[in-house]
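K.L.:
First, the structure itself, so that you have it in front of you.
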Amino acid sequence: LAKTTQPISMDSYEGQEVNITCSHNNIATNDYITWYQQFPSQGPRFIIQGYKTKVTNEVASLFIPADRKSSTLSLPRVSLSDTAVYYCLKAAGNKLTFGGGTRVLVKP
Amino acid sequence: EAQVTQNPRYLITVTGKKLTVTCSQNMNHEYMSWYRQDPGLGLRQIYYSMNVEVTDKGDVPEGYKVSRKEKRNFPLILESPSPNQTSLYFCASSYGARSPLHFGNGTRLTVT
C-alpha cells in the first residue's frame, strides 16, 4: 500500500515561516499533490496543489523536487490563526491517499 | 452558496442497527467520496464515485456501502454498524479526483 507520511506535529511562532514535508513513495507519473488545512469541527479546506517544481498562491507555496517523492508546503509569516492540522494528499488515479496530518501550533 | 451538506452532524446508535448518512452537493461535481477520520490515522478514503452509477472502493470499504443514483447525492450506508465504526465521517466532492475537494462539515458517529 502506497504510504503518504508527514510529521505528526510542529511548533512555530508568529511571523515565522513554517515548512511541512510530506513523503509519498510510489508516486506515479500522473499523480498530483494537494495540501489541505483543517480546523477543529470543520472539514478540510484546500490550500494548494502542484505536480512538479514550485507553485505559489496567496497563502502558501508548494515545492516538489524532480523525483517527486516528497513535497514541502511552505507557510510564510504564520499567524495564530494558522494553528491547524495540515494534510498532504496524493491522487493515484481516482483513489485518494491522505497523509496522517501535521498539527501546527503557532505561538505568540 | 456552493456547499457539501452532510446529515446528521451527530449520530449515536447501537450495534447492528442500519443507518444512512446523507451527502449532497450543489456544485454539479462528478467526483464524490467518503472518508473516516480517526485519531492518529488521519483521513482514510472509504468509497468514491466518478459519476452516477459508478462507485469504487477506497482504502477502508469494509462494513460500508454507497450508492450514486443522482449526481448530487452520495449516501453512506452502514448495514450493520459495529463499535469499530465509531468515527468522524466526511463527505467531499470535486470536478474530478485531481481537482480540489470540497468537504462537508462532518458526521460524528458513535456505535455502542
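K.L.:
Could you please find all residues in region A:52-75 being modelled with pLDDT of 90 or more and not in a strand (DSSP E or B)?
P.N.:
Within region A:52-75, A:N57, A:E58, A:V59, A:A60, A:P65 qualify.
K.L.:
Test each condition in (1) part of a loop (DSSP other than H, G, I, E, B); (2) within 13 Å of chain B (Cβ to nearest Cβ); (3) surrounded by 14 or more Cβ atoms within 10 Å (Cβ to Cβ) for A:S41 and report the one that comes out false.
P.N.:
(3)
K.L.:
Right, next: Please go through region A:21-30 and give me each residue that is more than 14 Å from the chain's Cα centre (by Cα) and surrounded by fewer than 19 Cβ atoms within 10 Å (Cβ to Cβ), ordered by number.
P.N.:
A:N25, A:N26, A:A28, A:T29, A:N30
K.L.:
Here is a follow-up. Residues of region B:58-73 being of a type outside the set (G, A, S) and either under 12 Å from the mean Cα position of the chain (by Cα) or closer than 20 Å to A:G43 by Cα (or both), which ones?
P.N.:
Correct list: B:D59, B:V60, B:P61, B:Y64, B:K65, B:V66, B:R68, B:R72, B:N73.
K.L.:
Considering each of B:Y64, B:Y35 in turn, give the residue that is surrounded by 22 or more Cβ atoms within 10 Å (Cβ to Cβ) and of a type in the set (F, W, Y).
P.N.:
Selected residue: B:Y35, the only one of B:Y64, B:Y35 that is surrounded by 22 or more Cβ atoms within 10 Å (Cβ to Cβ) and of a type in the set (F, W, Y).
K.L.:
In addition: Considering only region A:83-99, state which residues are modelled with pLDDT under 95 and either in contact with a helix residue (DSSP H, G or I) (Cβ under 8 Å, 6 or more places away or on another chain) or surrounded by fewer than 19 Cβ atoms within 10 Å (Cβ to Cβ) (or both).
P.N.:
A:A92, A:G93, A:N94, A:K95
K.L.:
Okay, next question. Restricted to region B:77-111, and to residues that are within 15 Å of B:K18 (Cβ to Cβ) and surrounded by fewer than 22 Cβ atoms within 10 Å (Cβ to Cβ), which residue is nearest to the other protein chains (Cβ to nearest Cβ)?
P.N.:
Of everything passing the filter in region B:77-111, B:L109 is nearest to the other protein chains (Cβ to nearest Cβ).
K.L.:
Still on this model: Restricting to region B:63-73, and then to whatever is among the charged types (D, E, K, R) and assigned to a loop (DSSP other than H, G, I, E, B), can you tell me which residue is farthest from B:E30 (Cα to Cα)?
P.N.:
Residue satisfying both the conditions and the ranking: B:K69.
K.L.:
State all residues of region B:74-112 that are touching a Cys at 6+ places or on another chain (Cβ under 7 Å) and either more than 24 Å from A:P40 (Cα to Cα) or assigned to a loop (DSSP other than H, G, I, E, B) (or both); if no residue qualifies, say none.
P.N.:
B:F74, B:P75, B:G104
K.L.:
Is it true that A:N25 is over 28 Å from B:Q6 (Cα atoms) and more than 10 Å from chain B (Cβ to nearest Cβ)?
P.N.:
So A:N25 fits the description; yes.
K.L.:
Residues to consider are A:L80, A:L73, A:L105; find the one that is out of contact with any helix residue (DSSP H, G or I) (no Cβ under 8 Å at 6 or more places or on another chain) and surrounded by 16 or more Cβ atoms within 10 Å (Cβ to Cβ).
P.N.:
A:L73
K.L.:
I'm told B:N73 meets every condition in (1) among the polar types (S, T, N, Q); (2) in contact with a Phe, Trp or Tyr (Cβ under 9 Å, 6 or more places away or on another chain); (3) surrounded by fewer than 20 Cβ atoms within 10 Å (Cβ to Cβ) except one. Can you identify the failing condition by its number?
P.N.:
(2)
K.L.:
Please determine, by comparing only the residues of region A:44-61 that are within 11 Å of another protein chain (Cβ to nearest Cβ) and aliphatic (A, V, I, L, M), which one is surrounded by the fewest Cβ atoms within 10 Å (Cβ to Cβ).
P.N.:
A:I47
The values are calculated or read from the model by the stated rules, or taken from the named source; none is laboratory data. What you see is a predicted model; the values in this text were computed from it and never measured. Virtual Cβ from ideal backbone geometry, glycine too; neighbours counted across all protein chains shown.
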